[in-house]
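The values are calculated or read from the model by the stated rules, or taken from the named source; none is laboratory data. As the structure is a prediction and not an experimental result, all values here were calculated from the model. Note that we place each Cβ from the backbone using ideal geometry, even for glycine, and neighbour counts take in every protein chain shown.
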Amino acid sequence: MTYLLAGDLGGTKTHLRLVKSESPDRSEFEYIYKSQEYPGLVSIAQEFLAAARTKFGSKIIVKAACLAIAGAVIDRSSYLPNLDWRISADELQQELNIPQVQLINDFAAIGYGIALLPPADLHTIQTGQTRANAPKAVIGAGTGLGEGLLIHNGIDYQVIPTEGGHTDFAARSIKEFEFVQYLCRQQQIERVSNDRVISGRGIVAIYQYLRDTSNLSENPDIASVVKLWESQTEKLADPAAMISAMAISKTDPLAQTTMQMFITAYGAEAGNLSLKILPYGGLYIAGGIAAKNLPLLTDGTFTTAFNDKGRVSDLLGNIPVYVILNPQVGLIGAAAQAAKLGIWA
């Protein structure tokens, strides 16, 4: 049987899927792996294809693969800073015996996937006024922060990946300035990027700052998970999930204040991105944090920070803002690109 391989590789998990050329939107076989447990992508892909052969009981032929990478792709290669992985399309072609292999930035994959999402996979948090063929933008916090652009070329949208998540974090208040100083001391760094703040680890960092500098008391359950996280070199515990859950349930003031500060920073950076491209075709918020914390993104905190741009605030009020609810949008986009590759394989 002949298949296409699609993949979505992040700092936390690697999601692989086999599809057929005639129906790239339908999964034939897939599996999710914990990225940190493997030395690189080749070993994961080999294990995945071996499992597929066992399941189907026949020889699996993959004629093309498109893999979305949480990092910049340069000369068919990529380095994933959150995993210390180096990935080469040429190496994958050789090791996996796949004629066509393409690596694309994970937010490029999301850009390709947006057009294939049904309305039910989008939640509107600012209606705005959509303009035909206007630019679009994507932002998403997860293990790190990703950003991407879509520009219409007269025929279709061209997806432009960026590394905008690694730009400098712009403090907007005395509290945020003090937080930046705290983070520099705590992590022994001289520069703070948006990726360090608007991400899962950023939630934990904000929590630590407020815990150490405010009068808010700490919930014992969260405290135990945070202490475990602080003691782990590989950061296997996930305090961010518990902090956000407590904030949504409104059962812990420290967690609520943490998430309010986080969502404010998230909205402000989304506004910064939007000022640079004016995406009247829509700003799309991707990543696991947004979908899992929808009540926090829809209470007005995000949109207030998004639109708070002084003399040019009115420019942002007309931009439609959507939360992507489908966590597999990047995989959908990668499969669509694999199908295009498969035509030439």
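Here Y322 clears all of (1) in a helix (DSSP H, G or I); (2) within 30 Å of E22 (Cα to Cα); (3) aromatic (F, W, Y) except the condition numbered (1).
In segment 125-145, the condition of being over 23 Å from S199 (Cα atoms) and in contact with a Leu (Cβ under 8 Å, 6 or more places away or on another chain) is met by at least one residue.
Only one entry in L92, L103 is more than 17 Å from K340 (Cα to Cα) and in the same structural domain as A64 (by TED's automatic domain parsing), namely L92.
One residue stands out in segment 104-135 among those that are within 26 Å of A64 (Cβ to Cβ) and charged (D, E, K, R): the one that is nearest to the chain's Cα centre (by Cα), namely D106. Of all residue pairs spaced 6 or more apart or on separate chains, those with beta-carbon atoms under 8 Å, a first member in segment 174-185 that is touching a residue at least 24 places away in the same chain (Cβ under 8 Å) and a second member that is assigned to a helix (DSSP H, G or I) and loosely packed, with under 13 Cβ neighbours inside 10 Å are E178/T213; Y182/D212; Y182/T213. For segment 155-177, the count of residues that are at pLDDT 95 or above, under 17 Å from the mean Cα position of the chain (by Cα), closer than 19 Å to Y280 by Cβ and not assigned by TED's automatic domain parsing to the domain that holds I104 is zero.
Conditions (1) closer than 27 Å to L325 by Cβ; (2) of a type outside the set (F, W, Y), marked per residue:
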site	(1), (2)
L4	yes, yes
R26	yes, yes
K34	yes, yes
F48	yes, no
K59	no, yes
I74	no, yes
N82	yes, yes
Q93	no, yes
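The combined condition, being more than 25 Å from G111 (Cβ to Cβ), in contact with a helix residue (DSSP H, G or I) (Cβ under 8 Å, 6 or more places away or on another chain) and charged (D, E, K, R), is fulfilled by K59. Restricting attention to segment 5-35, the residues that are acidic (D, E) and either under 17 Å from G71 (Cα atoms) or surrounded by 14 or more Cβ atoms within 10 Å (Cβ to Cβ) (or both) add up to 3. Give S193, S217 a once-over and let me know the one that is polar (S, T, N, Q) and modelled with pLDDT under 95. None of the other options fit; the residue is S217. If you filter segment 290-338 down to residues that are touching a strand residue (DSSP E or B) at 6+ places or on another chain (Cβ under 8 Å), among the aliphatic types (A, V, I, L, M) and surrounded by fewer than 20 Cβ atoms within 10 Å (Cβ to Cβ), you find that the one that is modelled with the lowest pLDDT is A291. For segment 117-160: of the residues being among the charged types (D, E, K, R) and assigned to a strand (DSSP E or B), which is farthest from G10 (Cα to Cα)? Among those residues, the one meeting the criterion is K136.
When segment 211-237 is limited to residues that are over 25 Å from the mean Cα position of the chain (by Cα) and in contact (Cβ under 8 Å) with a residue 40 or more places away in the chain, the one that is nearest to E147 (Cα to Cα) turns out to be R211. Within segment 200-210, can one find any residue that is over 18 Å from the mean Cα position of the chain (by Cα), surrounded by 13 or more Cβ atoms within 10 Å (Cβ to Cβ) and part of a loop (DSSP other than H, G, I, E, B)? No, the conditions are met nowhere in segment 200-210.
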